[in-house]
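The structure's right below; bear with me while I get my questions together.
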Amino acid sequence: MTDQVKVLTSRWGDNRAHEIDHFGELDGYASLDAAFEKSPEDLVQLVKDAGLRGRGGAGFPTGMKWGFLAKGTGKPTYLVVNADESEPGTFKDMELLERDPHALVEGVIVSSYAIGCRNAFIYLRGECGWPGRRLQAAIDAAYDKGLLGRDIKGSGFDLDVVLHRGAGAYICGEETALLSSLEGQRGQPKLRPPFPAVEGLYRAPTTVNNVETVATVPWIIRKGVDWFRSMGSEKSPGPKLFSVSGDVVNPGNFEFPLGVPAREVILGAAGGLRDGKTLKAWTPGGSSTPMLTADHLDTPMDFEGITAAGSLLGTAAVMVFSEDVCMVRACLNFTEFYAHESCGKCTPCREGTDWMRKILGRLETGQGRPDDMDTLKDICDSIFGRSFCALGDGATSPVVSALKFFRDEFDEHVSGGGCPFPGARVTVAAH
Amino acid sequence: MSDRPTTVKVTIDGQELEVRPGTLVIRAAEQLGTIVPRFCDHRLLAPLGACRQCLVEVVGQRKPLTACTTTVTDGMEVKTQVTSEVARAGQEGNLELLLINHPLDCPMCDKGGECPLQDQTLAHGPGETRFVETKRHYEKPIKISETVLLDRERCVLCARCTRFSSEIAGDPFIELFERGALEQVAIYEDEPYQSNYSGNVVQICPVGALTSPSYRFQARPFDLSSTDAVCNHCAAGCNLRIDARRGMVTRELARDNDEVNEAWNCDRGRYGFAYAQSPQRVLIPHLSEDGKLRTAAWSEALRRAADGIGAAKAKGVGVLVGGHLTDQDAYALQKLARVALGTNNVDARTWPEDTGGAAAAAQVAGRGPEDGMPTYRDLEAARAVVVVDLDPHEESPILWLRLRKAAVRRGVPVVAVGSRPGRLAEFATVVATRPGGQAEALQRLGRGEGDAGKLLSGEGDGDVIVLAGWRGGATGGLAAAAELASTLGGRFAWVPRRAGDRGALDVGARPDLLPGGRPVADAAVRSELGEAWGAELPEAPGLDGPAMVAAAAAGELGVLILAGVDLVRDHGPRELAEQALERAFVIAVDHEVNDTTSQADVLLPGVVHAETEGTFTDWEGRAQATHRAIPVGGAAQDIWDLADQLAVRLGVDLGLHGMDRITAETKLFRKRARAAAATEPHPPLGGPPTGRVAAGEPAGEPLSTAPEEQDDDGLDLVTYPLLLDGASMLARASDLNRETPGAFVELHPDDAAQLGLADGAAAEVDFGEDRTARLPVRVAPTVAPGCAFVPANQPDLALRALLGPAPALRVKVSAVEEAAA
């Protein structure tokens, strides 16, 4: 039995944590003094030693990413916080920003200090008005208290933070597209190299970190490497937010050490399935990660464990599907999202997602053909590993995994002339 | 730097080769003759990786990679579709996706037959589609400019067009809009896509999405015969491919030549060919009879021409050489003048040139890249480039592209000196001068004064290159530009406007210079050339273009031979030109009936560009061959041949019985000039103007100098033709004609504010002597303060016919009170 932990969520129960004075009473901004006592290099080493891995989905070691930043370029170094949380099923960053916005500001200050950044940007998903207002208020309050601006707390360290609201494009969560959008360009991914660590925002060395990653850094500074590594596994240490949604009794965000068995998240913390239904499928990390089934409930939820089970930890967004869910309809829903959010730059993602959307729509409305499933698989083959960025790879995950585990359901849609589940025909428009 | 390896080894499909570090896999494969299929990749555009068609397998990589974005590393092993199932399957899968929404209208698509998508589908594509859904539909085609139509259904979204516009031409108003399956090429609602280079986006479109109205539905690529040619619209020297069908030009394309135009050309050069079919075209000889032209046989026309010359020769003969003739035509005409007519009255210039200007231009005569003349490529490696009295975006568009590349991509500082640098201002440091003020500004630059001066005096690799336009010939700018090059130890080039100008200078179609740029005034040179030609060469200095017209108008010149010259339009004022036409015996060789040729005594039909065989020499001094793409129209003849025939009628054999003979002679004289340069006092390129040119007034004072500060409410007139104008070579190029701006007066914002004139307002421009025009106002910082720019030759205002070729005058611009409706 793995207990939930209270690190990033430690202040979530306090409905005044967003007020800066109260935040201070809750040990907020306590990491600043500790950070300013160290050299930036030591801080980067600390984060490396802690083994913090990016919480935005890819799980890249944060300290190593910081270490890649080009030095001596004569250009400024930028920290850009990716708050463009758009992955279906994921809602951890927004709740963090609503309940505890200063936690991010504190993380931005110490992370910027560590990498030598004097201008940090937070790229926030445009639709998220409330978290945005909370965050802006927190930034303003931090300026008022002298925690942002010139000579922060007498350290000689200057930092300005700009909150930028995106215009509502999933692709802008991809770091090069995010940077293009932040520069005022069309939000489409760019070729790497040059990597952002060398030529990022305004062609200057840039690191792009997820909200949760940045908010975790102050805890490492305050409590140390050993404390951090006391949670999770050797390769995936530390606490992690899990967003659980779908057919569960108690959906929401839960904080566990990495490596917690999926069973304890879904059946434990989230209270199991609603109305006594049985579990059919679940995503470990949002819609872009292949679905797993009840057979995988004992999988440890860390980067290695989920990968071994044939999926990805992603953003640790667990979407739970009960026996009532039509997997064709679920795939159609996901695919409509990807077809809508495809930026259009590359052929496989632009054309492939649109074609899949059309085929899945036909299957769901009784226009399916026996060879549609082979075509879907072939389209996924043409997208996966061939599209310009990872959006295309992600778009294939629900379809490939659903065909792997629930092929019979697809066949039933063809042989039965439509969806065997109730309510299908009224919810799905013809394509 | 020196530690970096100069080559890396790569194995492609089992074949090993060495390439430069940084080479893309797709380019390396090309070296082996393996063409990896591609749509978005273009060798002159930055790698994009959008179409994903060029997937190849790289050993050791988990996923297939796009060959167009992957750089070769040492020891890399690549397998293309030739040897790799992964690459082949990847490409075929991608092709299927490209085709699902692509319309099946190949049978009526202009691209059919030369379409990469069609070719690849035929070679590797699925025989049948699995796509049973409805394809994307858009309105088709939509007009994104007068010269470009867009069919979005055919578009594969490779972004070549948008990247060309942003990376190469800097014309931003074409972009990708929307996203996902609805992503599409579009233009801004309130900003038209206007570009002097728009035809290139049609040419590089890998499918039939972008087409030009002039070629649309005209031909099948496999029905066309293609001929290599060189453009004769300006002196940029763009290489062209002329495609013809049934003896008519159906389209012209830019032909790759990395030394000159890379893969681009301008819209005027691309679309300005339809004049060959103009109803004004002259196809048979005409003679004047009772004040009207009547048709005649060649024999009769040549006899009349010879008789006319014989009768009026005593009063003198002048030969005016057009600006769009080949080097061979110009050579034959000057030989006709000197050997058969015994005069140095031969000139291709319509504008006056002072002694210093003539000397500066003469420095480059007969010299090309092999003699150290600066080239297009040199611009990219220059320490700095100074552009004087030239608006290359309008006057030499491909030069503008190369200057932009040098400045934007290579960081070469560009300094623009003159009254209207135009779009040079986008990347150049501008030294704005009023007409006549250039010389002083250039001298200041030479002393390192000002920001621009510091740019030039700084340390760095490469030479300073000074490019001077024709407009400074009479105002001291040309001479001062050559002097600046000398002061800075740099190199100098003269950039004339018209395609034939440089060749005419080289072959001696000038009153002061003989072939190879050698001086008429030098008796030894005269006797050397006279010996080669078997004739005694005239010693008396000849008249330049404007002087010949003036002399003819004054009745002091008995015969005018006009070879491709529109005297009324280009040698105005109209009254003067008409008087010259009236008083002299006029032999005109031309392809059209116009205000000048209709008044000729003998009108002989000449060939048009697509019917021409010969060479054009560009501003670099590079002579390039153009070839006959269509049969000669009617009874028209080559102009060099007519010169030879006319001489025969006058009892002189010029010996120019074929292109080979002319080319042999021009080569010989170029060689002799080069040999002579070793011993004769031949100024180094960029050296100070010398007294080597003896014609005209003594060297020194320019014809006009820096203007005094004047307190007369007037502005200095700046005028020259824009790229799109009322040129006869643009006749019937209806798309271009619709984009031709029409006359306007352009004012600097400061002057406009002072005059109370806003952009778009109507103004009256008073040129003095009761000459006025009502013109719309454009307010732009691209014209120097204190100046008013009016384009020279717009369809609605032939300014040269009004004012003469190079008017130096003050004009008054005032608001027009709009009359109540």
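Taking the Cα-to-Cβ direction at residue A:41 and at residue B:226 and moving 7 Å from each Cα, how far apart do the two end points lie in nm?
Placing both labels 7 Å along Cα→Cβ, they lie 6.1 nm apart.
While we're looking at this one, here's another question. Taking the mean number of other Cβ atoms within 10 Å as a proxy for protection, how do you rank B:361-367, B:573-579 from highest to lowest? Let's see the in-between values first.
Details: B:361-367: 25.9, B:573-579: 18.1.
The peptides rank, most packed first, as B:361-367, B:573-579.
So for the pair residue B:132, residue B:762, with labels modelled 7 Å out along Cα→Cβ, what separation do we get in nm?
Modelled inter-label distance: 6.6 nm.
With only Lys, Arg, Asp and Glu charged, each at its Cβ (+1 for the first two, -1 for the last two), find how big the charge dipole of chain A is about the Cα centre; round to the nearest 20 debye. Mind dumping the intermediate values first?
Values: 45 positive and 57 negative charges, 170 e Å.
Value, rounded to 20: 820 debye.
Just grab the label-to-label distance for residue B:664 and residue A:130, each label 7 Å out from Cα along the Cβ direction, in nm (one decimal).
9.4 nm
Here is a further query. Using the charge dipole of the protein assembly as shown (Lys, Arg: +1 at Cβ; Asp, Glu: -1 at Cβ; taken about the Cα centre), state which of A:348, A:147, A:120 has its Cα farthest towards the positive end.
Going by the charge dipole, the pick is A:348.
Please go through the residue pairs A:38/A:153; A:48/A:71; A:6/A:153; B:315/B:335; A:65/A:190; A:190/B:140 and name each one whose alpha carbons sit more than 22 Å apart in this structure.
Details: A:38/A:153 14 Å; A:48/A:71 18 Å; A:6/A:153 28 Å; B:315/B:335 20 Å; A:65/A:190 18 Å; A:190/B:140 31 Å.
Over 22 Å Cα-Cα: A:6/A:153; A:190/B:140.
Could I ask something else about it? With just the Cα atoms defining each centre, how far is the range B:524-594 from the range B:750-766? Give it in Å.
Measuring centre to centre over Cα atoms gives 41 Å.
Shielding of A:376-383 by partners, i.e. mean partner chain Cβ atoms within 10 Å per residue? Don't jump to the answer; show the numbers that get you there.
Details: counts 0, 0, 4, 5, 0, 3, 10, 4.
Rounded to a whole number, the mean comes out at 3.
Report the calculated FRET efficiency for residue B:18 and residue A:145 (r = Cβ-Cβ distance, R0 = 60 Å), to the nearest 0.05.
Values: r = 62 Å, r/R0 = 1.04.
Efficiency, from the Cβ-Cβ distance: 0.45.
Something else now. Between residue B:809 and residue B:625, 0.36 nm times their residue separation minus their Cα-Cα distance comes to what?
Values: separation 184, 0.36 × 184 = 66.24 nm, distance 4.04 nm.
Once the chain is fully extended between residue B:809 and residue B:625, it gains 62.2 nm.
Further question on the same structure: Starting from the exponent 0.38 and prefactor 2.2 Å, build the expected Rg for the range B:8-100 from its residue count and divide its actual Cα Rg by it. The partial results should precede the final answer.
On the way: Rg = 12.3 Å, N = 93, 2.2 N^0.38 = 12.3 Å.
It is 0.99.
May I pose another question? Semi-axes of the equivalent ellipsoid for chain B, please: Cα gyration tensor eigenvalues, times 5, square-rooted, ordered largest first, whole Å. All intermediate terms of the calculation are to be shown ahead of the outcome.
Values: eigenvalues 437, 185, 173 Å².
Each semi-axis is the square root of five times an eigenvalue, giving 47, 30, 29 Å.
Let me ask something else. Given a Förster distance of 45 Å, report the FRET efficiency between residue B:182 and residue B:738 from their Cβ-Cβ distance, rounded to the nearest 0.05. Please list the in-between numbers first.
Working: r = 30 Å, r/R0 = 0.68.
Efficiency, from the Cβ-Cβ distance: 0.90.
What is the Cα coordinate range of chain A on the first, second and third principal axes, sorted by size from largest, in whole angstrom?
Cα extents, longest axis first: 73, 46, 36 Å.
DSSP loop trypsin sites (Lys or Arg not before Pro) in the range A:244-306 with at most 16 other Cβ atoms within 10 Å of their Cβ, which ones? Before the final figure, lay out each step's value.
Details: sites: A:263, A:274, A:277, A:280; in loops: A:277.
Sites meeting the loop and neighbour criteria: A:277.
Express in nm, to one decimal, how much length is gained between residue B:299 and residue B:104 on full extension, taking 0.36 nm for each residue of separation and deducting their alpha carbon distance. Walk me through the numbers on the way to the answer.
Details: separation 195, 0.36 × 195 = 70.20 nm, distance 5.73 nm.
Working it through step by step, the gained length comes to 64.5 nm.
Using a 10 Å cut-off around each Cβ, can you sort B:405, A:75 from fewest to most neighbouring Cβ atoms? Show your work: numbers first, answer last.
Details: B:405 19, A:75 15.
By the 10 Å Cβ count, ascending: A:75, B:405.
What Kirkwood hydrodynamic radius, in Å, does the protein assembly as shown give when the mean of 1/r is taken over all pairs of distinct Cα atoms and then inverted?
Details: mean 1/r = 0.0286 Å⁻¹.
It works out to 35.0 Å.
If you put +1 on each Lys and Arg Cβ and -1 on each Asp and Glu Cβ, how big is the dipole of the protein assembly as shown around its Cα centre, in Debye rounded to 20? Spell out each step's value before the answer.
Values: 129 positive and 173 negative charges, 391 e Å.
Around 1880 debye, computed over the protein assembly as shown.
Follow-up question, since we're still on this one. Which whole number gives the average, over all residues in A:349-362, of C-beta atoms from other chains lying within 10 Å of the residue C-beta? Mind showing how you got there, number by number?
Values: counts 4, 11, 14, 6, 2, 8, 8, 0, 3, 6, 4, 0, 1, 2.
Per residue, the number of nearby Cβ atoms from other chains is 5 on average.
Could I ask something else about it? Which residues does a label at residue A:158 reach in the range A:66-97, if reach means a backbone N under 20 Å from a point 7 Å past the Cα toward the Cβ?
A:72-80
Using alpha-carbon pairs under 8 Å, 6+ residues apart, how would you state the relative contact order of chain B in percent? Could you put the intermediate results ahead of the total?
Working: 1886 pairs, mean separation 110.5, N = 821.
About 13 percent, as a whole number.
How would you rank A:118-129, B:225-236, highest first, on the average number of other Cβ atoms within 10 Å across their residues?
Details: A:118-129: 20.2, B:225-236: 23.2.
Final packing ranking: B:225-236, A:118-129.
Among A:266, B:639, B:187, what is the fewest-to-most ranking by other Cβ atoms within 10 Å?
On the way: A:266 23, B:639 27, B:187 19.
By the 10 Å Cβ count, ascending: B:187, A:266, B:639.
For a footprinting-style exposure proxy, rank B:40, A:331, A:380 by other Cβ within 10 Å, fewest first. Intermediate results must be reported in sequence, preceding the final value.
Values: B:40 26, A:331 29, A:380 21.
Ordered from fewest to most neighbouring Cβ atoms within 10 Å, B:40, A:331, A:380 come out as A:380, B:40, A:331.
Report, in debye and to the nearest 20, how large the dipole of the range A:285-357 comes out about its Cα centre when Lys and Arg carry +1 and Asp and Glu carry -1 on their Cβ. Numbers along the way, then the final one.
Numbers: 4 positive and 10 negative charges, 75 e Å.
The dipole magnitude comes to about 360 debye.
Right, next: So what's the convex hull volume per residue for the Cα atoms of the range A:20-229, in Å³? All intermediate terms of the calculation are to be shown ahead of the outcome.
Numbers: hull volume 24.0 nm³, N = 210.
For the range A:20-229, the hull spanned by Cα atoms encloses 114 Å³ per residue.
Give me the Kirkwood hydrodynamic radius of the range A:328-418 in Å, from all C-alpha pairs, to one decimal place?
Numbers: mean 1/r = 0.0788 Å⁻¹.
Every distinct Cα pair counted, the radius reaches 12.7 Å.
Order of B:413-424, A:362-373, B:135-146 by packing, highest average Cβ count within 10 Å first? Before the final figure, lay out each step's value.
Working: B:413-424: 26.2, A:362-373: 18.9, B:135-146: 15.8.
Packing proxy ranking, top to bottom: B:413-424, A:362-373, B:135-146.
Can you give me the pair-distance distribution of the range A:239-322, C-alpha pairs, 5 Å bins, whole percents?
Histogramming the range A:239-322 at 5 Å steps yields 3, 18, 33, 28, 14, 3, 0 percent.
Now for a different question. Could you state, as a whole-number percent, how many of the C-alpha pairs of the range A:121-257 are farther apart than 22 Å?
Details: 5268 of 9316 pairs.
Counting pairs separated by more than 22 Å, the tail of P(r) holds 57 percent.
Also, I was wondering about something else. Relative contact order (percent) for the range A:239-322, with alpha-carbon contacts under 8 angstrom and 6 or more residues of separation?
Working: 187 pairs, mean separation 30.1, N = 84.
In percent, rounded to a whole number, it is 36.
Hand me the GluC sites (Glu not before Pro) from the range B:739-821 located in a DSSP loop with no more than 16 other Cβ atoms within 10 Å, in residue order please.
On the way: sites: B:739, B:746, B:764, B:769, B:817, B:818; in loops: B:769, B:817, B:818.
Answer by residue number: B:769, B:817, B:818.
Assuming R0 = 51 Å, can you tell me the calculated FRET efficiency for the pair residue B:657 and residue B:44, based on Cβ-Cβ distance, to the nearest 0.05? Walk me through the numbers before you get to the answer.
Working: r = 43 Å, r/R0 = 0.85.
Efficiency computed from Cβ-Cβ geometry: 0.75.
Specify the inter-centroid distance of the range B:62-139 and the range A:165-181, based on alpha-carbon positions, in whole Å.
29 Å
Could you work out how far the C-alpha centroid of the range A:90-155 sits from that of the range B:333-397, in angstrom?
So the separation of the two Cα centres works out to 64 Å.
Would you please state the base-10 log of I(q)/I(0) at q = 0.10, 0.16, 0.18 1/Å for the range B:715-815, with intensities from the Debye formula using one equal scatterer on every alpha carbon?
-0.26, -0.65, -0.81
What does the extension gain come out to for residue A:415 and residue A:49, with contour length at 0.36 nm per residue minus their alpha carbon separation?
Roughly 126.1 nm would be gained on extension.
Given only helices, namely DSSP H runs of n ≥ 4 each adding -39500 (n - 2.57), what is the per-residue ellipticity at 222 nm of chain A, to the nearest 500 deg cm²/dmol?
Calculated mean residue ellipticity at 222 nm is -13000 deg cm²/dmol.
What's the average, rounded to a whole number, of partner chain beta-carbon atoms within 10 Å of each residue's beta-carbon in B:85-98? If you can, show how the numbers build up before the last one.
Details: counts 0, 1, 0, 0, 3, 5, 1, 1, 9, 8, 2, 8, 13, 4.
The per-residue average across the peptide is 4.
No value in this document is a laboratory result; all are computed from the given coordinates. None of the values given here were measured: they were computed from a predicted structure. As a convention, Cβ positions derive from the backbone with ideal geometry for all residues, glycine included, and neighbour counts pool all protein chains shown.
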